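Peer 1: What follows is a single structure, and I will ask about it in a moment.
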Ligand code: GLN
């Protein structure tokens, strides 16, 4: 099984090595043809404004949307979370709009520009995830179909899932945390070979916006 990692900018190499650590081949995606044969896609951290430009420059937007709508699992981390959001607070129009949430870029003040926190993500088990936040976004609101996977102690949302699309405000790949990648690989295997009972559920066409 092969999982694509958007590699136009940012921290893509760390995702490829985290995938390798669990025996999954990560494919660096720079052109639409790189998406052929991948069973899922990771959108890394970096600079979402730059990624927005490069996604359009290389003609990646429509093939990425087609892959998501086929039901292939996606994971966006940090800037990748911003690319997935249906609404960017006080900002630009959405990039991919695949996850019904409103995110705010660079949501932590100057003192907390970058920080690390152990956070519990119940679907990944009891051991906390060591989250590295680097000029991270926050999820301010989610739509009705979105599961909140994790919050900071103050209640702010930092990990979410809507059907086949996962997103974290932090960087699991920078600390060798492979459980999100393992989950993605499990979802990708089910997508590639639905088998009994694991039918595909295409991502619906998005109309509404995240609700408070
Ligand atoms: N601040 C960046 C942005 O808004 C995200 C930072 C990151 O991915 N580490 O795009």
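The values are calculated or read from the model by the stated rules, or taken from the named source; none is laboratory data. Fair warning: this is a prediction, and the values are worked out from it, not measured in the lab. Because the Cβ atoms are built from the backbone with ideal geometry, glycine has one as well, and the counts that use them run over all protein chains shown.
Peer 1: Filter segment 97-119 down to the residues that are exposed (fewer than 14 other Cβ atoms within 10 Å of the Cβ) and away from the ligand (no atom under 15 Å from the Cβ), then identify the one that is nearest to residue 171 (Cα to Cα).
Peer 2: Result: 118.
Peer 1: Now, a different point. Please note which strands (runs of 3 or more DSSP E) are completely contained in segment 136-175 and include at least 2 residues that are within 23 Å of residue 40 (Cβ to Cβ) and away from the ligand (no atom under 14 Å from the Cβ).
Peer 2: Details: elements: 138-142, 147-151, 157-162, 165-168.
Where strands (runs of 3 or more DSSP E) fall fully within segment 136-175 and carry at least 2 residues being within 23 Å of residue 40 (Cβ to Cβ) and away from the ligand (no atom under 14 Å from the Cβ), they are 147-151, 157-162, 165-168.
Peer 1: Still on this structure, I have one more. For segment 70-96, which residues satisfy the criterion of being closer than 11 Å to residue 168 by Cα, outside any loop (DSSP other than H, G, I, E, B) and within 11 Å of the ligand (Cβ to nearest atom)?
Peer 2: 76, 77, 79, 80, 81, 82 - these are the residues of segment 70-96 that are closer than 11 Å to residue 168 by Cα, outside any loop (DSSP other than H, G, I, E, B) and within 11 Å of the ligand (Cβ to nearest atom).
Peer 1: Of all residues in segment 72-101, count the ones that are over 14 Å from residue 55 (Cβ atoms) and over 14 Å from the mean Cα position of the chain (by Cα).
Peer 2: Total satisfying the criteria: 5.
Peer 1: Yes or no: residue 10 in a loop (DSSP other than H, G, I, E, B), within 15 Å of the ligand (Cβ to nearest atom) and modelled with pLDDT of 95 or more?
Peer 2: Working: in a loop (DSSP other than H, G, I, E, B): yes; within 15 Å of the ligand (Cβ to nearest atom): yes; modelled with pLDDT of 95 or more: yes.
Yes; evaluated as a whole, the condition is true for this residue.
Peer 1: For residues that are in a helix (DSSP H, G or I) and surrounded by fewer than 18 Cβ atoms within 10 Å (Cβ to Cβ), scanning just segment 17-53, find the one that is nearest to the ligand (Cβ to nearest atom). Explain how you work it out, then say what you get.
Peer 2: To start, the set of residues in segment 17-53 that are in a helix (DSSP H, G or I) comprises 17-21, 32-35, 48-53.
Applying the additional criterion that residues be surrounded by fewer than 18 Cβ atoms within 10 Å (Cβ to Cβ) yields 17, 20-21, 32-33, 49-50, 53.
Values: 17: 17, 20: 21, 21: 21, 32: 23, 33: 26, 49: 6, 50: 8, 53: 12 Å.
Ranking the qualifying residues of segment 17-53, first place goes to 49.
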